[in-house]
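Please treat every number below as a calculation from the coordinates, not as lab data. It should be emphasised that the depicted structure is a prediction, and the values quoted were computed from it without experimental measurement. Glycine gets a Cβ as well: all are built from the backbone with ideal geometry, and neighbour counts include every protein chain shown.
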Amino acid sequence: MQYQSQAVAKPYFIAAIGLFVGQILFGLIMGLQYVIGDFLFPAIPFNVARMVHTNLLIVWLLFGFMGASYFLVPEETETELFSPKLAIITFWVFLVAGALTVLGYLLVPYSTLAEMTGNNILATMGREFLEQPLITKIGIVIVALSFLFNITMTLLKGRKTSISLVLTLGLLGLAVFFLFSFYNPVNLVKDKYYWWWVVHLWVEGVWELILGAILAFVLIKVTGVDREVIEKWLYVIITMTLITGIIGTGHHYYWIGAPEYWQWWGSIFSALEPIPFFMMTVFAFNMVSRRRREHPNKAAVLWALGTGVLAFLGAGVWGFLHTLAPVNYYTHGTQLTAAHGHLAFYGAYVAVVLTMISYAMPILRGRAANSEKAQNMEKLAFWLMSISMLVITLLLTGAGIVQIWLQRISPTPMGFMAVQDQVSIFYWLREGTGVVFLIGLVIYISSFFVKGGAKAAA
Amino acid sequence: MSTTFTKSMARNIFYGGSVFFFLLFVALTVDTTHTLPKRDNSQNITPSVERGKKLWETNNCIGCHTLLGEGAYFAPELGNVYKRRGPEFIKIWIKSQPTGAPGRRQMPNFHLTDEELDDLVNFLKYTSEINTAKWPPNIEG
Amino acid sequence: MNTQVLVIDPAAGLAREARAPREEGLPGDFAIWIFILAEMLAFGVLFVAYAFTRAGDVELFNASQETLNRTAGAINTLVLITSSYFVMRAVTAIKHGLSKDCAWWLGAALMLGGVFVGIKAMEFHDKFAAGITLSTNSFYMFYLALTFFHFMHVLMGMIILAFVIAKAWRGGYSRQDHVGVETGASFWHMVDLLWIILFPLVYVIR
Amino acid sequence: MNTYASSNRFSSVIWLLLMVLTLTTFAIGEAGMAGSGAMLGLLLIALVKGQIVANYFMGLRHVAFGWRAVILAYFLLVGGLIALAYRWA
């Protein structure tokens with residue numbers, strides 16, 4: 001660890017992994033509810049489980065991004081963090097707020113929670129992924145502002161590298177576009193139109209800047225390739241991301257009442273969205289093959305390469321699969337969407353956060369890399385989680401195709417619930433694969449507790 | 001044979017390109033905003049529809065259902081449920097939940113009053129009349 | 001640090017010094033070429049989409065095309081090509097170390113860019129005044145989408161030219177180092193190149 | 001300065017050629033010509049103009065063949081697909 005204040009990243013990473021476990025457990029509950037409909041009903045209805053599943057994902061990824069930033073920025077700017085104390089306070093505020101929100105979801109009926117938390121003052125709740133009570137949303141803004149303040153102040157007093165600039169820009173965009181979650185007009189079309197300004201412009205816009213910056217940082221560290229080379233490619237990739245991704249938002253505007261020209265804009269630009277992901281994969285492999293040093297942390301290299309490949313598959317290939325309007329007409333809002341969502345989030349964002357954790361955690365614990373044994377466990381966990389997520393995606397794709405056929409294309413369309421019964425075999429297999437994913441996650445966590453044989457700090 | 005490739009130029013193109021496409025997006029959004037009244041059925045937004053939307057949100061319906069294809073994929077699409085089932089069926093259905101049928105997916109009972117049920121149905125009626133470019137492909141959603 | 005020039009092929013730097021005239025690198029920075037190719041790809045898909053959508057409703061497209069101001073389109077083609085020619089003169093000038101000439105030629109190109117924008121704005125104004133929008137029909141959707149998207153590229157090209165002019169005027173480029181001029185020039189030529197397809201496709205071919 | 005003058009003379013000729021080609025396109029439009037022949041002719045003119053702009057204005061004629069091929073392929077592909085769509089209509 002080059003700078004003392006980088007240590008604040010550690011609790012963020014630990015919290016991220018902890019919440020990740022929660023996310024997976026609730027995912028398994030939902031997976032079971034897909035086939036045993038009354039499982040845990042009425043204690044945890046599906047909508048509550050899903051809310052917890054998706055919100056935990058967002059929150060733990062945010063913890064991961066923040067931890068990554070606190071680790072990365074001092075090293076990039078070559079100066080201590082502006083205020084490590086503020087970072088720790090922010091951590092606890094965010095963790096407590098997150099925990100209270102999840103407890104609120106689980107313990108109080110959602111409508112009561114809405115009433116308790118001021119939804120009558122400004123109605124923002126009850127929209128997918130933005131279910132958080134008003135006070136939580138305000139809390140998120142405050143946390144984001146204090147975090148941005150801390151990062152920006154650090155940046156201002158230190159060296160300004162492209163990586164830290166891109167990262168900060170991404171984080172700033174994250175905060176700015178979240179503000180649209182406070183805009184909830186009665187007009188459903190407008191509601192949905194701007195809802196995507198949070199959701200799409202996050203995951204297919206500014207989050208990719210964060211992803212690119214973190215990946216570039218880790219690649220510089222583990223390959224020793226010239227910063228100049230990596231940073232210019234970072235710029236090229238995120239340029240492609242934004243020029244395709246911003247207008248690509250149009251692929252969500254086909255069937256929600258927006259003008260029909262979005263079918264053209266959305267199809268054409270989102271069809272180009274795989275290009276930056278492809279470039280990222282080529283870039284990662286290229287840098288690793290041009291490496292000038294053999295970094296002892298092989299697990300981190302594996303995660304970095306995995307991020308490239310899995311993001312390309314999940315976000316690029318599976319996104320392209322149903323992004324063209326004539327295809328999307330049939331696939332919109334089916335299990336195919338769920339398939340894409342799972343692999344895209346895992347491949348791009350889960351993988352990049354775990355890449356950073358894999359690289360940074362040993363250093364935070366006083367060594368350049370973990371022992372051979374620990375690394376092997378981590379690599380095994382990588383393969384188990386990645387392959388099972390790929391299989392889950394394939395199974396949901398299968399379910400989606402059957403669903404589309406029976407419910408939407410067939411000359412005698414079946415009703416939704418009847419179709420669900422037809423595809424239950426896919427759901428059973430998905431649940432089984434989910435258990436494998438959990439095993440992978442358990443092995444991943446165990447790898448942190450393997451004793452002995454640690455490589456000396458570089 | 002040599003081509004120059006500098007970081008500063010890559011950076012400038014990043015800033016220029018991002019601003020450019022964001023402005024294009026804003027321009028399209030302005031046009032969309034002007035065009036929406038022809039499509040979004042907003043002339044039929046009544047106070048009852050407004051209350052209905054709030055009920056839709058505060059009971060987290062989107063956590064199981066899709067609405068115009070967005071939401072969870074656990075329960076049927078409701079953007080066109082008004083046309084598929086009609087108002088009376090919807091109200092009776094909501095009131096009779098949960099079915100308690102063993103092993104089947106369960107919908108909670110949200111203890112809605114008759115007036116609230118009317119509001120929710122009005123919201124679903126308004127939603128079903130939005131011009132969605134002929135989506136979904138058929139009435140099953 | 002940021003101005004450090006990276007050369008893809010180290011040996012080629014020497015070749016450039018020797019001014020070997022036959023095989024040179026791409027004019028301008030490689031990064032602009034990635035951008036140019038991406039933009040050409042997006043336009044290319046839009047062009048082809050236009051053609052195939054037209055195939056579905058030829059009468060509508062032909063009838064709507066009649067309402068376009070072909071003369072304005074042709075004048076704009078002449079304007080844009082001439083501006084491209086001026087830009088080329090500017091590049092030639094700076095290759096001979098003539099900074100001021102370079103700036104003047106670029107200034108002339110910028111002015112023609114302004115003429116293009118003016119004519120195009122009048123065209124847009126006529127169409128909007130006639131109540132035509134992106135949602136009127138598929139022909140106008142493509143006509144407005146393509147020309148407006150292109151129009152924005154012209155504006156962006158003008159901004160780029162303005163920056164290059166300012167630097168050229170201050171003597172920021174030289175016989176040896178004029179990658180910036182070439183970069184801006186390449187972008188401007190791309191804008192021209194796209195219009196060369198756009199004009200016959202949307203205004204003339206029926 | 002000799003090379004300067006001669007290369008400028010050359011580019012001026014190129015420019016004149018482009019002007020003439022543009023006016024040809026315009027004239028075809030004004031004459032109301034339609035059908036496959038006119039369509040192919042107009043696309044061909046566009047191809048020629050595009051090649052001139054790419055090779056002489058952009059200066060790709062000094063560059064490795066691959067890059068010129070990209071532009072040529074672009075024009076052939078886009079033009080070919082457009083022609084296909086028009087024939088198909």
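Observations on the model:
- Dipole magnitude of the range C:71-176 about its Cα centre (Cβ charges: Lys, Arg +1; Asp, Glu -1), debye to nearest 20: 500
- In degrees, nearest ten, helix A:424-446 long axis to first principal axis of chain A (Cα): 20
- Net +/- balance of residues flanking B:Asn44 in space, Cβ distance below 9 Å, scoring K and R +1, D and E -1: 0
- In sequence order, the range B:12-22 has phi-based couplings of 4, 5, 4, 5, x, x, 5, 4, 3, 6, 5 Hz under the Karplus curve 6.51 cos²θ - 1.76 cosθ + 1.60, θ = phi - 60°, and Gly or Pro positions carry x.
- Pairs of C-alpha atoms in the range D:3-88 farther apart than 20 Å represent 46 percent of all such pairs.
- Placing unit charges on each Cβ (+1 for Lys and Arg, -1 for Asp and Glu) gives the range A:200-448 a dipole about its Cα centre, and among A:Val402, A:Gly316, A:Phe448 the Cα reaching farthest toward its positive end belongs to A:Phe448.
- The lysines whose alpha-carbon is closer than 22 Å to the alpha-carbon of C:Lys127, local same-chain residues fewer than 8 away aside, are B:Lys38.
- Value of Rg to Rh for the protein assembly as shown, rounded to two decimals, is 0.99; Kirkwood radius and Rg both from alpha-carbon coordinates.
- Under the criterion of Cα pairs below 8 Å and six or more residues apart, the relative contact order for chain A equals 14 percent.
- Within the shell of other residues whose beta carbon sits under 14 angstrom from the beta carbon of D:Thr25, the net charge comes to +2, with Lys and Arg scored +1 and Asp and Glu -1.
- Inverting the pair-averaged 1/r between distinct Cα atoms of the range C:28-204 gives 17.0 Å as its Kirkwood hydrodynamic radius.
- Low-density loop cleavage sites - trypsin sites (Lys or Arg not before Pro) in the range A:71-151, where at most 11 other Cβ are within 10 Å (DSSP): none
- Amide proton proximity set for D:Val63, modelled H, under 5 Å, gap of 5+: C:Glu24
- Counted by neighbouring Cβ atoms within 10 Å, the residues C:Asp192, C:Asp101, B:Asp114 run from fewest to most as B:Asp114, C:Asp101, C:Asp192.
- Annotation: aspartates and glutamates with alpha-carbon distance below 16 angstrom to A:Lys192 (same-chain offsets under eight excluded): A:Glu128, A:Glu131, A:Glu260, B:Asp40, B:Glu50, B:Glu57, B:Glu70, B:Glu77, B:Glu129.
- Unsatisfied cross-links (Cα-Cα over 23 Å) in the set A:Lys10/A:Lys451; B:Lys54/B:Lys125; A:Lys221/A:Lys298; B:Lys95/B:Lys125; C:Lys100/D:Lys49: C:Lys100/D:Lys49
- Applying 1/(1 + (r/R0)^6) with r as the Cβ-Cβ distance of B:Phe89 and D:Phe10 and R0 = 56 angstrom yields a FRET efficiency of 0.10.
- A Gaussian network model of chain B, with springs between Cα atoms under 10 Å, assigns the largest mean-square fluctuation among B:Asp119, B:Asp31, B:Asp40 to B:Asp31.
- In this structure, the amide hydrogen of A:Phe82, modeled 1.01 Å from its nitrogen in the peptide plane, lies closer than 5 angstrom to those of A:Thr154, counting only residues at least 5 positions away or on a different chain.
- Ranked by how many other Cβ atoms sit within 10 Å of their own Cβ, fewest first, the residues B:Arg84, D:Arg87, C:Arg70 fall in the order D:Arg87, C:Arg70, B:Arg84.
- Relative contact order for chain B, counting Cα pairs under 8 Å that sit 6 or more residues apart, in percent: 29
- Each Cα pair under 8 Å and six or more residues apart adds its sequence gap; the mean of these over the residue count of the range A:84-193 is a relative contact order of 26 percent.
- Counted charge near C:Ala63, where neighbours are those whose Cβ lies closer than 12 Å (Asp, Glu -1; Lys, Arg +1): -1
- Sorted fewest first by neighbouring Cβ atoms within 10 angstrom, A:His251, A:His322, A:His295 come out as A:His295, A:His322, A:His251.
- On Cα atoms only, tilt of A:84-107 relative to the major axis of chain A in degrees: 20
- Placing +1 on the Cβ of every Lys and Arg and -1 on the Cβ of every Asp and Glu, with nothing else charged, gives the range A:1-147 a dipole about its Cα centre of roughly 220 debye.
- Crossing angle, helix C:138-169 versus chain C [Cα axis fit, 0-90 degrees, rounded to tens]: 20
- Debye intensity ratio I(q)/I(0), log10, chain A, q values 0.06, 0.09, 0.12 Å⁻¹ (C-alpha model): -0.25, -0.58, -1.08
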